[in-house]
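Taking it in order: structure first as structure tokens, then the write-up.
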Amino acid sequence: MIIDNEKKMRLVKKNVVREKSFAFALRIVKLSRYLQGKRREFVLSKQLLRSGTAIAALVREAEQAESKADFIHKMAIALKEANETDYWIDLLYQSETIDEKEFESIKSDAIELLKLLTSIIKTSKTKDNVK
């Protein structure tokens, strides 16, 4: 069986940040629906939805970056959105809108994305000495 180069690359190279950011976006959509439906919380849930889903969209956009600098810029914006999402998660917990179990579950995913994006940006900057 012959596999073309594009398919081979997809099989060999697993894009962890793409997968994790998309899975996180799905969790954010479900949490937002829960907050709006069960908790009747509309303002914070929409802020969370906007920033939490933007991360994966920016990661996907970075895949088509026009240059290394463009890639870094798009990933840096994704990092800012992840940081904002982390803020909304903290606020939802501190305001007792979500309980500790819900908080700890989504918070650990947010921290993982923050670390992953930070690492990607640092590595990309040092590879070709881009600043």
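The values are calculated or read from the model by the stated rules, or taken from the named source; none is laboratory data. Nothing here was measured: the structure is a model prediction, and the numbers come from that model. Positions of Cβ are backbone-derived with ideal geometry, glycine not excepted, and every protein chain shown enters the neighbour counts.
Summary table
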| quantity | calculated |
| --- | --- |
| Lone unmet requirement of (1) of a type in the set (A, V, I, L, M); (2) surrounded by 15 or more Cβ atoms within 10 Å (Cβ to Cβ); (3) within 16 Å of the chain's Cα centre (by Cα) for residue 111 | (2) |
| Cβ pairs under 6 Å, 6+ apart, first in region 104-124 and more than 14 Å from residue 80 (Cα to Cα), second among the hydrophobic types (A, V, I, L, M, F, W, C) and modelled with pLDDT of 95 or more | 106/89; 107/89; 109/24; 124/72 |
| Residue within region 23-41 that is closer than 23 Å to residue 125 by Cβ, surrounded by fewer than 18 Cβ atoms within 10 Å (Cβ to Cβ), among the charged types (D, E, K, R) and modelled with pLDDT of 95 or more present | no |
| Residue among 69, 82 that is out of contact with any Lys or Arg (no Cβ under 8 Å at 6 or more places or on another chain), surrounded by 19 or more Cβ atoms within 10 Å (Cβ to Cβ) and small (Gly, Ala, Ser) | 82 |
| Of the criteria (1) in contact (Cβ under 8 Å) with a residue 60 or more places away in the chain; (2) assigned to a loop (DSSP other than H, G, I, E, B); (3) of a type in the set (Lys, Arg), which one residue 27 fails | (2) |
| Count of region 1-22 residues which are modelled with pLDDT of 95 or more and among the acidic types (Asp, Glu) | 1 |
| Where residue 101 falls short, out of the listed (1) surrounded by 15 or more Cβ atoms within 10 Å (Cβ to Cβ); (2) not polar (S, T, N, Q); (3) not in a loop (DSSP other than H, G, I, E, B) | (1) |
| Region 32-79, residues that are outside any helix (DSSP H, G or I) and under 20 Å from the mean Cα position of the chain (by Cα) | 63, 64, 65 |
